[in-house]
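Written out below as structure tokens is the structure these notes cover.
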Ligand code: PMV
């Protein structure tokens, strides 16, 4: 009983930062992301069988501690649903540009949820698959779907209404590109789960952010529906700035962006100023690397501008992705 699946990361334009329940990974706000294409992906093989113990390997190295625990959160749920008792072996590989420095937890746990579901022939629908991936990494619940994705925060205590839905498929806006600028490929100092809860506990600005988000989220949804590039870039930048302001307002302050990140912000702003409209927009997660969204028409000049920023180590370009795919599954 084995299956192999691949999934890709997603980059949020309305961010998830703050949980109302950290055990079930329930967010305080809804978020919106764009799933990346297969140029960055995680491939995961899940096998249930006569093994002595459950084991999980990432890029050939056995996982222990927190990594192992997060894998088992998904595995235990599918075993329960399938009334299966077999031990499992998980083998995961990241096909990312070397030293890309981008978190692979979203693609990793989405690929695991899809492969585990396929291995036990559960045939869960997208809502259930999204909830399954969510418990190991919040952002992974959005990578279960392709295109433009919204994770609805939900209100229920048990998290049943907290899952991702597709706003539009990848084909809706094929010319949209994410030009990722690698600034630093190192590990982040404070992990996202820990960092976001510090913000919730200590930032007064965060309360203002939460109050503003429903309106900003609705504007972003509208920009996506209308393929309104100028507004999409403007809202993405406004949102990234809002999250990073709350990070700076956290006690002690969380500083994920660095001087090179700030130079990228300036380069993007100067390009937009020259054009008299937004031809691109940046967003930063819990790290210094930039994701600059643009359209095919402006990709060359955006790449040119970013490559001139001192400290940018590497650029790579990603289109909008279709979401996970199952490569092998037990015959029906
Ligand atoms: O799900 P996590 O723990 O990888 O947290 C993701 C947090 C951000 O990347 C900063 C924002 C987001 O919505 O992806």
Report the residues of segment 1-27 in range of a label on residue 51: point 7 Å along Cα→C-beta, backbone N strictly under 18 Å from it.
1-6
Taking 8 Å as the Cα distance limit and 6 or more residues as the minimum spacing, I'd like the relative contact order of segment 92-160 as a percentage.
30 percent
Efficiency of FRET between residue 317 and residue 230 - r from beta-carbon atoms, R0 30 angstrom, step 0.05
0.90
Listing 187, 301, 221 from the residue with the fewest other Cβ atoms within 10 Å to the one with the most, what is the order?
187, 301, 221
With a/c under 1.5 counting as rounded, go ahead and sort segment 176-319 into rounded, prolate or oblate using the C-alpha gyration tensor (a ≥ b ≥ c being the square roots of the eigenvalues; past the cut-off, prolate if a/b is larger than b/c, else oblate).
oblate
Simple spin-label model, 7 Å along Cα-to-Cβ: residue 66 to residue 270 in nm?
3.8 nm
In deg cm²/dmol, rounded to 500, what helix-only [θ] at 222 nm does the chain give when every DSSP H run of at least 4 residues adds -39500 (n - 2.57) and the total is split over its residues?
-12000 deg cm²/dmol
For the chain, calculate the relative contact order in percent as a whole number, restricting contacts to Cα pairs under 8 Å that are 6 or more residues apart.
25 percent
Could you tell me how many degrees, from 0 to 90 and to the nearest 10, lie between the Cα long axis of helix 259-275 and the main elongation axis, the longest principal axis, of the Cα atoms of the chain?
60 degrees
Taking 47, 6, 215 and counting other beta carbon atoms within 10 angstrom, the fewest-first order is 215, 47, 6
Can you tell me how segment 243-332 classifies by the Cα gyration tensor, rounded, prolate or oblate, using a/c under 1.5 as the rounded cut?
oblate
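Between rounded, prolate and oblate, where does segment 1-99 land on the alpha carbon gyration tensor, with a ≥ b ≥ c its root eigenvalues, rounded for a/c under 1.5, else prolate if a/b exceeds b/c?
Verdict is oblate for segment 1-99.
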Rounded to the nearest 0.05, what FRET efficiency is calculated for residue 201 and residue 80 with R0 set to 41 Å and r the Cβ-Cβ distance?
0.80
Here the relative contact order (percent) of segment 218-289, from C-alpha pairs under 8 Å and at least 6 apart, is 41 percent
State the Kirkwood hydrodynamic radius of the chain in Å, one decimal place, computed from all pairs of distinct Cα atoms.
20.1 Å
Between the alpha carbon centres of segment 122-167 and segment 268-306 the gap in Å comes to 29 Å
Roughly how far apart, in whole Å, are the Cα centres of segment 198-253 and segment 1-35?
16 Å
If one compares the long axis through the Cα atoms of helix 205-225 with the longest principal axis of the Cα atoms of the chain, the angle in degrees, nearest 10, works out at 90 degrees
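Readers should treat all values here as calculations from the given coordinates under stated rules, not as data from a laboratory. From a predicted model like this one, the values you see are computed outputs, not experimental measurements. Every residue, glycine among them, receives a Cβ derived from its backbone with ideal geometry; neighbour counts consider all protein chains shown.
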